[in-house]
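Asks: This is the structure, below, for whatever I ask next.
The values are calculated or read from the model by the stated rules, or taken from the named source; none is laboratory data. If you're wondering where the values come from, they're calculated on a predicted model, not measured in any experiment. Here the Cβ is made from the backbone with ideal geometry for all residues, glycine too, and neighbour counts use every protein chain on show. When the accessible area is computed, the model is the full protein with side chains, heavy atoms only, and any ligands, DNA or RNA have been set aside. Shrake-Rupley method; radii C 1.70, N 1.55, O 1.52, S 1.80 Å.
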Amino acid sequence: MSKRKPLVVVTRRLPDAVETRMRELFDVRLNSEDASMTADALAAGLREADVLVPTVTDEIDSGLIAQAGPNLRLIANFGNGVDHIDVAAALERGITVTNTPGVLTEDTADMTMALILAVARRVTEGARIIPDDEWTTGWSPTWMLGRRITGKRLGIVGMGRIGQALAKRARAFGLQVHYHNRRRVPAAIESALDATYWESLDQMLARVDIVSVNCPHTPATYHLLSARRLKLLKPEAVVVNTARGEVIDENALARLIEGGEISAAGLDVFEQEPAVSPRLVKLARQGKVVLLPHMGSATYESRIDMGEKVIINIKTFMDGHRPPDRILPSML
C-alpha cells in the first residue's frame, strides 16, 4: 500500500515552479486567488492540514493555533521573519515551525542600497518629472539637488546576514560603515567590512548620516527607533527601513520629517501594512520620503529559493528527520 501524501495547505499564490514541485511531492491545497486568507479560512486550514505554509500576511496567533487539528505537525513559513506566528504557542502544541533564512539576503541588501540612493539623489521625484511633462526649462545648476553619499556615515541597525551584505555594498559606494547589534560580530568580519561597532545605539544614531534598519521584529525591537531615539539624529539624516515596519515609530518619524528635524526616509515596510500612514503618503507626494510596497525580496530568484527551502523543510520533516530551518525558542 502506498504511503499517504501529507496534506499541505498553502495560504498564498507561489511561483508556478514551486507549486508544481509541491504537487508532485505532496497533497497540496493551493490559493489560486492570491488573496490573504481570512481568520476563518486559516482556522479551517489548521484543522485539516498536516502542514501549513503561511506567509508574512498571515497572522497565526495563539487563538488560531488552539484550533489546529491533530494532524498539524508543521508550520513551514514561506519567509524569513516569523513574528506573525506565535511560535511558543505552536511548540506547546507539538507543532514545529520552520522558515527560509539566507535566501533574501542579497536582494534585500540591493533594495536597501537602492533606497539609500533613491532618497539621497531624489530618484523617484526625478522619474516623475518627464512623464508628467514638467521638464520645460531643461538642465539647471541649482535644480533637483540631492546629497552625495560618498564619505557619509551609514549606521546599520542589525548586523546579521542582510546588514553585512549591505555593509559590503556601502563600502563600494564610499560610505563609512558603523553598526549596532545585540552582539558584536567577530573581529574578522568587522575588519573585512571596515566597520565601527557601537554598543550604544543612542551614541551611534547621533553621529551617522544614514540609518538603515536591518534587524528582525521581536518584542525587544518594537519601536527600537522610538521618538526619543529619532530625535538624536542630525537634521540632515536619512532613515531607511527594509526590515519590519514595527521597528520604527512611524508617527514620530513622520512628525520629525514634517518639522524638518529629519531630512528624509525610504521605507519598504510599514507598521500596519498594507495600510500606510496618510502622513507618510503626503510626505511622499512632497518628495520627502520614498515609499515602496514591501519589494525588498521581490525577485524571481529569491521566491524560487524560498519555495525550495519550504519544500526541503517539509520533505525532511515528513521523512522523520529534523528540518534544517527549524525555529528554536532561543532564536526568538
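Asks: Taking V8, is it buried (at least 17 other Cβ atoms within 10 Å of the Cβ), closer than 18 Å to D305 by Cβ and in contact (Cβ under 8 Å) with a residue 24 or more places away in the chain?
Replies: Details: buried (at least 17 other Cβ atoms within 10 Å of the Cβ): yes; closer than 18 Å to D305 by Cβ: no; in contact (Cβ under 8 Å) with a residue 24 or more places away in the chain: yes.
When the stated conditions are applied, V8 does not pass them.
Asks: Assuming A88 fulfils every condition listed in (1) farther than 30 Å from I311 by Cα; (2) open to solvent by 50 Å² or more (accessible area, probe 1.4 Å) apart from one, which condition is it?
Replies: Answer for A88: the failing condition is (1).
Asks: Might you check whether a residue that is β-branched (V, I, T) and within 19 Å of D325 (Cα to Cα) occurs anywhere in segment 27-49? Let's see the steps before the verdict.
Replies: The first filter runs over segment 27-49 and keeps only residues β-branched (V, I, T), leaving 28, 38.
Now drop any that are not within 19 Å of D325 (Cα to Cα), which leaves none.
Among the residues of segment 27-49, not one is β-branched (V, I, T) and within 19 Å of D325 (Cα to Cα), which makes the answer no.
Asks: For D325, all conditions in the list (1) under 19 Å from E273 (Cβ atoms); (2) surrounded by 18 or more Cβ atoms within 10 Å (Cβ to Cβ); (3) modelled with pLDDT of 95 or more hold save one; what is the number of the exception?
Replies: D325 satisfies all of (1) under 19 Å from E273 (Cβ atoms); (2) surrounded by 18 or more Cβ atoms within 10 Å (Cβ to Cβ); (3) modelled with pLDDT of 95 or more except (1).
Asks: Within segment 227-269, work out how many residues are open to solvent by less than 60 Å² (accessible area, probe 1.4 Å) and part of a helix (DSSP H, G or I).
Replies: Number of matching residues: 12.
Asks: Let me ask you something else. Is it fair to say G245 is at positive phi and not aromatic (F, W, Y)? First the steps, then the outcome.
Replies: Numbers: at positive phi: no; not aromatic (F, W, Y): yes.
Criteria not met by G245.
Asks: I've got another one for you. Taking T218 and the conditions (1) β-branched (V, I, T); (2) in contact with a Phe, Trp or Tyr (Cβ under 9 Å, 6 or more places away or on another chain); (3) touching a residue at least 60 places away in the same chain (Cβ under 8 Å), which numbered condition does it fall short on, given that it satisfies the others?
Replies: Exception for T218: condition (2).
Asks: Same structure again: Residues being in contact with a strand residue (DSSP E or B) (Cβ under 9 Å, 6 or more places away or on another chain) and of a type outside the set (A, V, I, L, M, F, W, C): count how many of those fall in segment 169-198.
Replies: 11
Asks: Can you find a residue that is aromatic (F, W, Y) and either in a helix (DSSP H, G or I) or in contact with a strand residue (DSSP E or B) (Cβ under 8 Å, 6 or more places away or on another chain) (or both) anywhere in segment 77-90?
Replies: Taking segment 77-90 first, the residues aromatic (F, W, Y) are 78.
Still in the running and either in a helix (DSSP H, G or I) or in contact with a strand residue (DSSP E or B) (Cβ under 8 Å, 6 or more places away or on another chain) (or both): 78.
Yes, segment 77-90 has at least one match.
Asks: If you go through segment 305-317 one residue at a time, do you hit one that is under 19 Å from R122 (Cα atoms), in contact with a strand residue (DSSP E or B) (Cβ under 6 Å, 6 or more places away or on another chain) and open to solvent by less than 70 Å² (accessible area, probe 1.4 Å)? I'd like the intermediate steps shown before the answer.
Replies: As a first pass, look at segment 305-317 and keep what is under 19 Å from R122 (Cα atoms): none.
Among the residues of segment 305-317, not one is under 19 Å from R122 (Cα atoms), in contact with a strand residue (DSSP E or B) (Cβ under 6 Å, 6 or more places away or on another chain) and open to solvent by less than 70 Å² (accessible area, probe 1.4 Å), which makes the answer no.
Asks: Just the residues that are within 20 Å of the chain's Cα centre (by Cα) and open to solvent by 90 Å² or more (accessible area, probe 1.4 Å), please, taken from segment 162-196.
Replies: So in segment 162-196, the residues within 20 Å of the chain's Cα centre (by Cα) come out as 162-170, 179-182.
Hits for segment 162-196 are K168, R182.
Asks: For segment 104-123, enumerate the residues that are outside any helix (DSSP H, G or I) and surrounded by fewer than 24 Cβ atoms within 10 Å (Cβ to Cβ).
Replies: Let us first name the residues in segment 104-123 that are outside any helix (DSSP H, G or I), namely 104, 121-122.
Within segment 104-123, R121, R122 meet the criteria.
Asks: Failed condition for L224, given (1) open to solvent by less than 20 Å² (accessible area, probe 1.4 Å); (2) in contact with a helix residue (DSSP H, G or I) (Cβ under 8 Å, 6 or more places away or on another chain); (3) within 23 Å of G160 (Cα to Cα), with all others met?
Replies: Unmet condition: (1).
Condition check ((1) open to solvent by 50 Å² or more (accessible area, probe 1.4 Å); (2) within 23 Å of the chain's Cα centre (by Cα); (3) closer than 18 Å to A89 by Cα) across all residues:
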residue: T20; (1), (2), (3): yes, no, no
residue: D34; (1), (2), (3): yes, yes, no
residue: T38; (1), (2), (3): yes, yes, no
residue: R47; (1), (2), (3): yes, no, yes
residue: A66; (1), (2), (3): yes, no, yes
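Asks: Whether any residue in segment 127-140 is open to solvent by 10 Å² or more (accessible area, probe 1.4 Å) and touching a residue at least 24 places away in the same chain (Cβ under 8 Å) is what I want to check.
Replies: Initially, segment 127-140 is screened for residues open to solvent by 10 Å² or more (accessible area, probe 1.4 Å), giving 127-140.
Adding the requirement that they be touching a residue at least 24 places away in the same chain (Cβ under 8 Å) leaves none.
Within segment 127-140, none of the residues are open to solvent by 10 Å² or more (accessible area, probe 1.4 Å) and touching a residue at least 24 places away in the same chain (Cβ under 8 Å).
Asks: Run T316 past the list (1) hydroxyl-bearing (S, T, Y); (2) assigned to a helix (DSSP H, G or I); (3) closer than 22 Å to G160 by Cα and report the number of the one that doesn't hold.
Replies: Unmet condition: (3).
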